[in-house]
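Have a look at the structure below, then the notes.
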Amino acid sequence: MKKISGAEAIIRCLISEGVDVLFGYPGGAIMPVYDELYKFQKELNHVLVRHEQGATHAAQGYARSSGKVGVAIATSGPGATNLVTGIADAQIDSTPMVCITGQVASYLLGSDAFQETDIVGISTPVTKWNYQITKASEISEIISKAFYIAKSGRPGPVLIDITKDAQFDMIEDFEYKKCINIRSYTPTPTFDKSVIQDAVKLINKSKKPLIVWGQGVILGNAEPEFKDFVEKSGIPSAWTILGVSAISTNHELNVGMVGMHGNYGPNILTNQCDLLIAIGMRFDDRVTGDLKSYAKQAKIIHFEIDPAEVDKNVKVELAVIGDVKETLKKILPLVKKRNHDSWVCKFRELNKIEFDKVIDKEYNKEHGGLSMAEVIKSINENTDGNSILVTDVGQHQMVACRYMNFNKSKSNITSGGLGTMGFALPAALGAKIGDPKREVIAVIGDGGFQMTIQELGTIFQTSSAVKIVILNNEFLGMVRQWQQLFFDKRYASTEMTNPDFVTISKGYFIESKRVSKRKDLNSSVKQMLSHDGPFLLEVCVEKEDNVFPMIPSGSSVSDIRLE
Amino acid sequence: MKKMTYTISIYTENNVGLLNRVSQIFLKRHINIASITSSESEIPDIFRFIIIVNVSKEQVVKVVKQIEKQIEVISVFFHTDKQTIFLETALYKVKSSSLFEEKQIQNIIKESRANIVTVKSDFFVIEKTGWRSETEDLYKKLKPYGLLQFVRSGRISVTKKSMEISKILNGK
């Protein structure tokens with residue numbers, strides 16, 4: 001049998017795993033792999049990003065829109081360390097990703113060689129698994145394990161570091177076997193029948209139940225089962241920011257978002273329900289507010305794949321551990337068909353108060369500077385609810401996720417747990433490549449946009465038809481809002497003197513337009529959406545608007561403020 | 001919540017980097033590791049870490065779940081002192097001259113049920129295996145005679161009830 005190099009073995013492994021695109025950046029210690037990528041251009045599309053952080057976020061965007069494992073590749077040293085933010089983001093938001101880094105030759109390890117860094121040590125706390133390959137013979141087994149671990153159970157990032165000599169070494173009898181189990185790893189814990197019965201009992205006898213669902217529903221491909229469960233049980237359902245789009249925005253039992261900038265109804269009624277059914281979510285502090293006053297009156301059932309999440313932040317009455325698609329299937333025939341009309345009405349009444357005090361004023365604004373909300377309104381009016389929204393981090397993120405209409409799952413891609421500014425632009429590029437048929441709209445603040453602005457180059461080079469909306473308030477808006485509310489308006493280093501984004505966009509040969517008047521907004525959004533190719537729309541919005549409702553950090557969910 | 005001493009027993013694959021992966025879980029939560037030992041376990045190729053921490057029950061449960069979640073960790077158990085048989089070993093290096101000049105030393109060794117491991121022309125080494133209080137007691141008694149070196153191992157322990165690790169391995 002023909003001998004092949006370790007580098008070629010890596011490529012063959014990726015192809016066998018069904019990888020069709022990699023996001024990366026070459027450099028010394030990964031050059032043998034790039035040399036093979038040159039030979040396999042037909043099979044593998046390599047997207048040259050402009051900074052390795054962009055490679056990870058693009059891989060995340062790709063994974064979240066396609067449901068497949070995203071792959072990022074970089075060289076040793078700074079190439080590898082630049083991946084760390086994206087890896088940490090993928091870890092906390094459970095995104096399946098495999099990162100491949102080059103490493104100095106094995107005989108140089110520990111000698112502080114040029115571009116040597118201990119990336120396995122550095123990435124350990126933020127990876128689901130990592131490993132350093134020093135022999136070509138290990139490549140096949142380790143890469144198959146990497147993909148299996150990244151996508152199974154609760155997904156997450158895996159980093160594989162490969163020394164340069166392992167890439168050069170020749171191996172005989174290359175064979176790729178997909179990993180199907182690891183004896184020390186239980187991706188999907190099994191559940192007891194009795195747990196299902198206990199859950200059903202609690203659900204069937206509850207009078208004021210509330211469902212809070214998260215991204216687990218989407219990651220578990222459980223949208224149909226979830227919808228059936230919601231509709232049969234008639235239980236009002238609220239979403240975390242990563243869970244949105246699992247059922248449509250306009251569904252009659254969708255009562256809005258929970259958490260710091262969530263909706264009035266579900267936040268207040270969290271502290272009045274008698275049963276809280278948490279599905280594929282992890283009680284993040286941005287969701288729960290003060291734990292000492294979070295849903296204390298309620299019994300809590302937690303549907304969760306990761307046993308370590310159970311009782312981590314909130315003590316629960318009952319944990320239904322397992323794959324949510326399976327557990328919901330088992331629950332469904334046993335729950336009574338009910339409706340909770342008067343209870344659902346309470347959510348509507350409270351959300352009406354929010355509509356009058358907050359939403360109507362910013363979503364249907366008629367005078368004064370443009371609000372972020374009316375930009376999302378214009379996007380809603382010109383799309384069918386089927387586009388993918390990619391957001392960065394800050395005020396624009398909260399506004400976009402609150403107001404965007406979703407009719408389809410896997411439509412909201414944002415940095416939730418880590419709150420990584422600079423996420424959106426490269427993630428949007430990855431999302432578009434992951435699902436090219438769908439419209440991808442990146443809504444980004446002026447601050448975050450400038451953290452990964454160089455990826456405009458990648459968007460141009462790959463002709464990715466990403467629509468970029470910059471909501472420019474010339475402030476780091478969310479920090480400024482906190483300074484206004486909690487630091488007596490001392491605006492320390494939050495005001496930004498920005499460059500001309502339209503000119504910058506032109507420099508990258510990307511069509512662009514600036515809009516600052518209400519009368520021009522809708523036509524500009526239309527122009528952006530009808531343009532064949534990438535487009536950047538800068539919208540100059542009111543400088544000192546605040547995002548409400550808001551649960552001040554450390555307060556109870558029921559102390560949510562409308563102004 | 002009240003803090004107490006817990007023995008965490010971790011069965012793992014034998015891979016480079018696992019110690020780092022396990023210890024970062026304590027680091028992230030600002031938990032001090034009181035002692036740590038690792039050795040091959042009763043099952044070939046399976047390693048066993050024994051980590052001693054002084055934390056609340058709630059903390060130890062969470063930490064154990066996080067360790068259990070790591071890919072190459074096979075199983076994790078935690079026990080209180082009452083549930084385990086545990087020991088530490090201490091070595092005391094003393095000047096040879098004091099062994100002959102200070103008769104009291106020989107009594108101390110006898111009373112403490114310690115052993116003399118080796119006697120050289122310029123020093124001798126005493127070994128004591130037992131509970132922390134016993135090795136500490138001997139330390140206090142020998143200190144006045146001039147200790148050249150003193151070292152104590154991490155705690156090793158076995159549990160009173162079985163941990164059934166082989167069953168877990170076979171079941172997977």
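In the set (1) within 14 Å of chain A (Cβ to nearest Cβ); (2) under 17 Å from B:GLY154 (Cα atoms); (3) in contact (Cβ under 8 Å) with a residue 24 or more places away in the chain, the condition left unmet by B:SER23 is number (3).
Scanning segment A:5-28 for residues that are outside any loop (DSSP other than H, G, I, E, B) and open to solvent by 10 Å² or more (accessible area, probe 1.4 Å) gives A:SER5, A:GLU8, A:ARG12, A:ILE15, A:SER16, A:GLY28.
If you check A:ASP435, A:ASP488, A:ASP384, A:ASP392 for being open to solvent by less than 10 Å² (accessible area, probe 1.4 Å) and either more than 19 Å from A:MET257 (Cα to Cα) or modelled with pLDDT of 95 or more (or both), only one passes: A:ASP392. Annotation note: Cβ proximity below 6 Å between a residue of segment A:177-200 that is at the interface with chain B (Cβ under 10 Å from one of its Cβ atoms) and a residue that is of a type in the set (S, T, N, Q) (sequence gap 6+ or interchain) occurs for A:PRO187/A:SER152.
All told, A:HIS57 meets the bar of being away from chain B (no Cβ under 13 Å) and either acidic (Asp, Glu) or in a helix (DSSP H, G or I) (or both).
Does A:ILE211 satisfy the condition of being away from chain B (no Cβ under 11 Å), in a loop (DSSP other than H, G, I, E, B) and out of contact with any Asp or Glu (no Cβ under 9 Å at 6 or more places or on another chain)? No; evaluated as a whole, the condition is false for this residue.
Could you run through segment A:536-563 and say how many residues are in a loop (DSSP other than H, G, I, E, B) and of a type in the set (D, E, K, R)? Within segment A:536-563, residues that are in a loop (DSSP other than H, G, I, E, B) and of a type in the set (D, E, K, R) number 5. Of note, A:ALA63 does not satisfy the criterion of being surrounded by 18 or more Cβ atoms within 10 Å (Cβ to Cβ) and over 28 Å from A:LYS177 (Cβ atoms).
Residues in segment B:68-78 that are more than 9 Å from every other protein chain (Cβ to nearest Cβ) and either touching a Leu at 6+ places or on another chain (Cβ under 9 Å) or open to solvent by less than 30 Å² (accessible area, probe 1.4 Å) (or both): B:VAL76 alone.
Evaluated against (1) closer than 18 Å to A:TYR185 by Cβ; (2) over 19 Å from the mean Cα position of the chain (by Cα), B:PRO44 falls short on exactly one condition, (1).
Of all residues in segment A:41-54, count the ones that are farther than 22 Å from A:ARG12 by Cα and either open to solvent by 30 Å² or more (accessible area, probe 1.4 Å) or part of a helix (DSSP H, G or I) (or both). Residues that pass the stated criteria total 5.
Reported count of residues in segment A:416-432, each being over 12 Å from the mean Cα position of the chain (by Cα), aliphatic (A, V, I, L, M) and open to solvent by less than 30 Å² (accessible area, probe 1.4 Å), is 2. For B:SER97, the criteria (1) open to solvent by 40 Å² or more (accessible area, probe 1.4 Å); (2) more than 13 Å from every other protein chain (Cβ to nearest Cβ); (3) closer than 25 Å to A:VAL120 by Cα; (4) not in a strand (DSSP E or B) hold in every case but one, which is (3). Filter segment B:6-27 for residues that are under 17 Å from A:TRP129 (Cα atoms) and assigned to a helix (DSSP H, G or I) and give the result. Scanning segment B:6-27 gives B:LEU18, B:LEU19, B:ASN20, B:ARG21, B:VAL22, B:SER23, B:GLN24, B:ILE25. Picking from residues in segment B:42-63 that are touching a strand residue (DSSP E or B) at 6+ places or on another chain (Cβ under 7 Å) and open to solvent by 20 Å² or more (accessible area, probe 1.4 Å), the one that is farthest from the other protein chains (Cβ to nearest Cβ) is B:ASN54. Inspection of segment B:129-146 identifies no residue that is more than 14 Å from chain A (Cβ to nearest Cβ), touching a residue at least 60 places away in the same chain (Cβ under 8 Å), surrounded by fewer than 17 Cβ atoms within 10 Å (Cβ to Cβ) and hydrophobic (A, V, I, L, M, F, W, C). Among the conditions (1) in contact (Cβ under 8 Å) with a residue 12 or more places away in the chain; (2) farther than 24 Å from B:ASN14 by Cβ, the only one that B:GLN70 does not satisfy is (2). Residue count for segment A:329-381 under the criterion of being crowded, with 18+ Cβ neighbours inside 10 Å, outside any helix (DSSP H, G or I) and out of contact with any helix residue (DSSP H, G or I) (no Cβ under 8 Å at 6 or more places or on another chain): the result is 1. Would you be able to say whether some residue in segment A:111-124 is under 29 Å from A:ILE388 (Cα atoms) and outside any helix (DSSP H, G or I)? No - not one qualifying residue is present in segment A:111-124. In the set (1) in contact with a Leu (Cβ under 8 Å, 6 or more places away or on another chain); (2) open to solvent by less than 10 Å² (accessible area, probe 1.4 Å); (3) part of a helix (DSSP H, G or I), the condition left unmet by A:ILE413 is number (3). Looking across segment A:121-143, the residues that are open to solvent by 10 Å² or more (accessible area, probe 1.4 Å), more than 10 Å from chain B (Cβ to nearest Cβ) and either among the small types (Gly, Ala, Ser) or under 17 Å from the mean Cα position of the chain (by Cα) (or both) come down to A:SER137, A:SER140. For B:ASN15, the test of being at the interface with chain A (Cβ under 10 Å from one of its Cβ atoms) and open to solvent by less than 60 Å² (accessible area, probe 1.4 Å) is passed. Looking at segment A:257-323, the strands (runs of 3 or more DSSP E) lying wholly inside it that each contain 2 or more residues that are open to solvent by 10 Å² or more (accessible area, probe 1.4 Å), farther than 25 Å from A:SER342 by Cα and modelled with pLDDT of 95 or more sit at A:318-321. Residues of segment A:98-120 that are within 31 Å of the chain's Cα centre (by Cα) and more than 18 Å from A:GLU52 (Cα to Cα): none at all.
Suppose we keep only residues that are touching a residue at least 60 places away in the same chain (Cβ under 8 Å) and part of a strand (DSSP E or B) within segment A:416-448. Which one would you say is nearest to A:ALA88 (Cα to Cα)? Residue satisfying both the conditions and the ranking: A:VAL443. In segment A:144-173, the residue that is nearest to the other protein chains (Cβ to nearest Cβ) out of those that are open to solvent by 40 Å² or more (accessible area, probe 1.4 Å) and either assigned to a loop (DSSP other than H, G, I, E, B) or in contact with a Leu (Cβ under 7 Å, 6 or more places away or on another chain) (or both) is A:ARG154. When we screen A:ASN82, A:ASN45 for residues that are touching a helix residue (DSSP H, G or I) at 6+ places or on another chain (Cβ under 9 Å) and either under 30 Å from A:ILE241 (Cβ atoms) or within 14 Å of chain B (Cβ to nearest Cβ) (or both), the only hit is A:ASN82.
The values are calculated or read from the model by the stated rules, or taken from the named source; none is laboratory data. None of the values given here were measured: they were computed from a predicted structure. FYI the Cβ positions are ideal-geometry reconstructions off the backbone, even for glycines, and counts take in every protein chain you see. All accessible areas refer to the heavy atoms of the entire protein, side chains included, with ligands and DNA or RNA removed. Shrake-Rupley method; radii C 1.70, N 1.55, O 1.52, S 1.80 Å.
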